[in-house]
């Protein structure tokens, strides 16, 4: 549920992006005017990634074998695609915002570059570890229940 709320909030924060038929100048103008919204969208997707990764590790255990694999690989592809898209858009949003605030410079500067790297690290590294920890913890709980049930059946058969 939290992943749905974060994704919806990100979509609302982004607003309406330019059409696919828009020329380069229209897209650049949109990024120049909506840079703050793009960065908010990217940060919300950064918070969304670990939550969705954790949820994606819990669902496959409840699905039959062929659907489990399809869902899991689809979830991984969705997280990777969303992360790469948000990194690129946040980078362009930071670059356009930097050019607006400092008109004489053509490069984004150290602060914006560091912010983009931080955005990538916060979105991808915890997402991987949270998802992995959730999967391992779930598997350990399942194994513990299975071993306990086997012990109880062994004692009953004596």
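Nothing in this text is a laboratory measurement; each read-out follows from the coordinates by a stated rule. Small disclaimer: the values here were computed from a predicted structure and weren't measured. Cβ atoms come from the backbone with ideal geometry, glycine included; neighbour counts cover every protein chain shown.
Key figures for this structure:
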| item | result |
| --- | --- |
| Gained length - residue 22 relative to residue 63, 0.36 nm times residue gap less alpha-carbon distance | 10.5 nm |
| For the stretch 18-79: rounded, prolate or oblate by the Cα gyration tensor [a/c cutoff 1.5] | oblate |
| Label-to-label distance, nm, for residues given as residue 117 and residue 88 (7 Å Cα→Cβ offset) | 2.2 nm |
| Inter-site label distance for residue 152 and residue 1 at 7 Å from Cα along Cβ, in nm | 3.0 nm |
| Residue 81 paired with residue 33, simple spin-label distance in nm, labels 7 Å along Cα-to-beta-carbon | 2.9 nm |
